[in-house]
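S.K.: One structure, as structure tokens, below. Some questions next.
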Amino acid sequence: MPDVPSDALPAAAATARALAALVARLSERLSTGRDADARCRGACGLASEDAAMIRSQADVGALAARLITAVQRLARAAEQGSVVRTFYATATEASTAAPSSASTILTQRFGLARALAAALECALLTEAFLAEGRAGAADRRAALDARARIRTAFDGAVDRIARELGPEAGELLTATAQRMSRHLAETAATLKPVVRVETATSYPPTALAWRLYGDPGRAGELLASARCGTPMFMPTVFEAPSPYAVAR
């Protein structure tokens with residue numbers, strides 16, 4: 001079992017190195033273009049090096065700002081659907097990056113490390129919430145699913161983030177979650193509902209698109225809605241945009 005840092009700055013340094021590695025792995029999982037990826041890796045490398053030279057709380061703040069900027073650049077450069085898929089999971093990892101202890105004294109000394117981890121978690125969740133709104137929902141179900149993801153992530157994090165960073169951080173995360181949830185609810189109201197499709201055997205998506213909509217060109221909608229990994233044939237049970245509803 002690794003040694004637990006026994007003082008505030010060493011604990012923050014250890015957490016900073018873990019968070020820099022986490023953001024570097026995040027960059028590897030996203031397709032952002034060579035320039036954005038290089039900038040992120042450079043920032044993470046510098047953050048990891050700077051962690052060894054932490055001498056004050058101001059150093060920790062500067063390092064946090066560098067990592068948050070890297071996360072924001074990744075979120076802007078990547079495809080928004082991939083941001084949604086990866087940023088929530090990375091935020092969960094960040095939430096456990098700081099050391100912990102049963103000792104009350106050590107728990108107090110680890111406060112700076114927890115604040116650093118909470119700052120990155122907050123940035124990751126903020127970008128995930130914004131990406132939910134930017135990604136664009138294909139149908140009403142997708143918009144409501146995105147809204148539910150925001151609610152689940154928000155409920156699991158906001159109290160901890162407010163406790164570690166102060167009420168202003170909690171209010172910022174709350175405002176972003178509320179704004180994106182409202183946007184997705186309004187979007188859902190303008191989108192077609194879905195219907196459950198059941199067939200006795202598997203058909204090509206073009207055939208089903210013709211039968212549902214009279215338009216084989218809408219096969220791509222069926223594949224996306226069913227999350228089908230075999231585009232030659234559809235599953236026998238799936239959900240599809242309703243052929244009866246018209247988007248307002």
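S.K.: Is it fair to say GLU127 is under 28 Å from GLU186 (Cβ atoms) and either in contact with a Pro (Cβ under 7 Å, 6 or more places away or on another chain) or in contact (Cβ under 8 Å) with a residue 12 or more places away in the chain (or both)?
M.R.: The answer is yes for GLU127.
S.K.: State all residues of the range 163-178 that are among the polar types (S, T, N, Q) and in contact (Cβ under 8 Å) with a residue 24 or more places away in the chain; if no residue qualifies, say none.
M.R.: Passing the criteria: only THR176.
S.K.: Also, I was wondering about something else. Residues that are under 17 Å from the mean Cα position of the chain (by Cα) and not aromatic (Phe, Trp, Tyr), at least 3 per element: which helices (runs of 4 or more DSSP H) completely within the range 61-160 meet that? Walk me through how you get there before you give the answer.
M.R.: On the way: elements: 80-95, 104-109, 111-135.
Once the helices (runs of 4 or more DSSP H) in the range 61-160 are filtered for at least 3 residues that are under 17 Å from the mean Cα position of the chain (by Cα) and not aromatic (Phe, Trp, Tyr), what remains is 80-95, 111-135.
S.K.: Also, quick follow-up: Suppose we filter the range 202-248 for residues that are more than 29 Å from the chain's Cα centre (by Cα), among the charged types (D, E, K, R) and not in a loop (DSSP other than H, G, I, E, B); how many remain?
M.R.: Within the range 202-248, residues that are more than 29 Å from the chain's Cα centre (by Cα), among the charged types (D, E, K, R) and not in a loop (DSSP other than H, G, I, E, B) number 2.
S.K.: Something else now. Quick check: anything in the range 214-224 hydrophobic (A, V, I, L, M, F, W, C) and either surrounded by fewer than 16 Cβ atoms within 10 Å (Cβ to Cβ) or touching a residue at least 40 places away in the same chain (Cβ under 8 Å) (or both)?
M.R.: Yes: the range 214-224 contains one or more residues that are hydrophobic (A, V, I, L, M, F, W, C) and either surrounded by fewer than 16 Cβ atoms within 10 Å (Cβ to Cβ) or touching a residue at least 40 places away in the same chain (Cβ under 8 Å) (or both).
S.K.: Being at pLDDT below 90 and either touching a helix residue (DSSP H, G or I) at 6+ places or on another chain (Cβ under 8 Å) or acidic (Asp, Glu) (or both) is true for just one of ALA58, ALA43, ALA38. Which residue is that?
M.R.: Of the residues listed, the single one that is at pLDDT below 90 and either touching a helix residue (DSSP H, G or I) at 6+ places or on another chain (Cβ under 8 Å) or acidic (Asp, Glu) (or both) is ALA43.
S.K.: Next question, about the same structure. Residues to consider are ALA128, ALA146, ALA177; find the one that is under 30 Å from ALA97 (Cβ atoms), in contact with a Phe, Trp or Tyr (Cβ under 9 Å, 6 or more places away or on another chain), of a type in the set (Gly, Ala, Ser) and not assigned by TED's automatic domain parsing to the domain that holds ALA64. First the steps, then the outcome.
M.R.: Working: ALA128 fails: not assigned by TED's automatic domain parsing to the domain that holds ALA64; ALA146 fails: in contact with a Phe, Trp or Tyr (Cβ under 9 Å, 6 or more places away or on another chain).
Only one candidate passes the filter, namely ALA177.
S.K.: Of these, THR206, THR201, THR174, which one is at pLDDT 95 or above and surrounded by fewer than 21 Cβ atoms within 10 Å (Cβ to Cβ)?
M.R.: THR174
S.K.: Would you pick out the residues in the range 124-156 that are touching a helix residue (DSSP H, G or I) at 6+ places or on another chain (Cβ under 6 Å) and among the small types (Gly, Ala, Ser)?
M.R.: ALA128, ALA131, GLY133, ALA135, ALA137, ALA138, ALA143, ALA146, ALA153
S.K.: Do we have ALA153 as touching a residue at least 12 places away in the same chain (Cβ under 8 Å), closer than 30 Å to TYR244 by Cα and out of contact with any strand residue (DSSP E or B) (no Cβ under 8 Å at 6 or more places or on another chain) here? Spell out how you get there, then give the answer.
M.R.: Details: touching a residue at least 12 places away in the same chain (Cβ under 8 Å): yes; closer than 30 Å to TYR244 by Cα: no; out of contact with any strand residue (DSSP E or B) (no Cβ under 8 Å at 6 or more places or on another chain): yes.
Taking the combined requirement at face value, the residue does not satisfy it.
S.K.: Is it the case that some residue within the range 191-201 is under 25 Å from the mean Cα position of the chain (by Cα), in contact (Cβ under 8 Å) with a residue 24 or more places away in the chain, in a helix (DSSP H, G or I) and within 27 Å of VAL83 (Cβ to Cβ)?
M.R.: Residues of the range 191-201 that are under 25 Å from the mean Cα position of the chain (by Cα), as a first pass: 191.
The next check asks that each one be in contact (Cβ under 8 Å) with a residue 24 or more places away in the chain; those that pass are 191.
Of the ones still in play, those that are also in a helix (DSSP H, G or I) are none.
No, the range 191-201 has no match at all.
S.K.: Hey, any hits in the range 179-187 for a residue that's within 24 Å of GLY133 (Cα to Cα), small (Gly, Ala, Ser) and either within 24 Å of the chain's Cα centre (by Cα) or surrounded by 14 or more Cβ atoms within 10 Å (Cβ to Cβ) (or both)?
M.R.: At the first step, the residues of the range 179-187 found to be within 24 Å of GLY133 (Cα to Cα) are 179-187.
From the residues that got through so far, the ones that are small (Gly, Ala, Ser) too are 181, 185.
After this cut, where a residue has to be either within 24 Å of the chain's Cα centre (by Cα) or surrounded by 14 or more Cβ atoms within 10 Å (Cβ to Cβ) (or both) as well, the list is 181, 185.
Yes, that holds for at least one residue.
The values are calculated or read from the model by the stated rules, or taken from the named source; none is laboratory data. Note that the structure is predicted; figures quoted are calculated from it, not measured. Using ideal geometry, Cβ is built from the backbone for each residue, glycine included, and neighbour counts are taken over all protein chains shown.
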